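**Q** Just passing along the structure, written as structure tokens.
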Amino acid sequence: MNRISHGFVVDNRDPLKVGRCRVRIIGLYDSLKEEELPWLMSMSPINLDKMVYPPRIGTQVICMSLDEYDQNIIILGIIYGIGESGVDTSSRALENYPYNRVLETEGGNLIEIDDTEGSERINIEHNTGSNIEILPNGDIYINSAFSEVTGNLSVGSGATGSFSTPTGTTVTVQNGIITNIY
């Protein structure tokens with residue numbers, strides 16, 4: 001009872017969409033086919049009670065059996081940075097370790113929060129390369145991977161600077177007022 005073991009996530013596409021995973025537990029589920037593995041619930045920190053983010057396929061996890069027959073097993077946690085293929089750590093997260101936090105999805109979308117002293121910034125990046133970045137001085141850069149940024153642009157009363165349109169037009173702003181278009 002309460003046996004601790006480890007394994008690797010082999011399926012995270014929970015049909016109930018509640019964060020369950022199929023885990024190949026070493027020494028317990030070695031002979032089962034992937035589709036025969038049971039769906040295991042994950043334990044979450046109490047401050048993340050409504051967030052469901054299953055571990056990625058290949059992630060190494062620690063599990064605990066709650067009964068002597070191994071019929072009720074939960075995932076206790078993840079062994080970070082280790083996967084079936086070895087080290088699996090984002091190079092962006094390592095740039096300013098341990099102050100840079102990176103959330104990268106399987107589809108390549110990314111949210112990066114860097115708390116490195118003097119270099120604090122936030123970056124939100126789409127898998128196409130478009131991104132919004134807030135720099136340490138508060139400047140905000142919006143970059144489109146395509147030729148056009150759409151939507152409303154609101155310039156605050158103290159804003160000063162310039163930006164270029166996809167057609168090559170440059171717009172200059174001084175104290176929140178457009179002063180030149182060329």
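**Q** In the range 93-108, what residues are part of a strand (DSSP E or B), surrounded by 14 or more Cβ atoms within 10 Å (Cβ to Cβ) and of a type in the set (A, V, I, L, M, F, W, C)?
**A** VAL102
**Q** A further question follows. ILE111 - would you say it is modelled with pLDDT of 85 or more, loosely packed, with under 14 Cβ neighbours inside 10 Å and hydrophobic (A, V, I, L, M, F, W, C)?
**A** Considered against the rule, which asks whether it is modelled with pLDDT of 85 or more, loosely packed, with under 14 Cβ neighbours inside 10 Å and hydrophobic (A, V, I, L, M, F, W, C), ILE111 comes out as yes.
**Q** A follow-up question, please. Could you look through the range 123-158, keep only residues that are surrounded by 11 or more Cβ atoms within 10 Å (Cβ to Cβ) and at pLDDT below 70, and pick out the one that is nearest to the chain's Cα centre (by Cα)?
**A** Checked the range 123-158; the qualifying residue nearest to the chain's Cα centre (by Cα) is VAL149.
The values are calculated or read from the model by the stated rules, or taken from the named source; none is laboratory data. For clarity, every value in this text was computed on a predicted model and none was experimentally measured. Methodologically, a virtual Cβ is constructed for each residue, glycine included, from the backbone with ideal geometry; neighbour enumeration extends over all protein chains shown.
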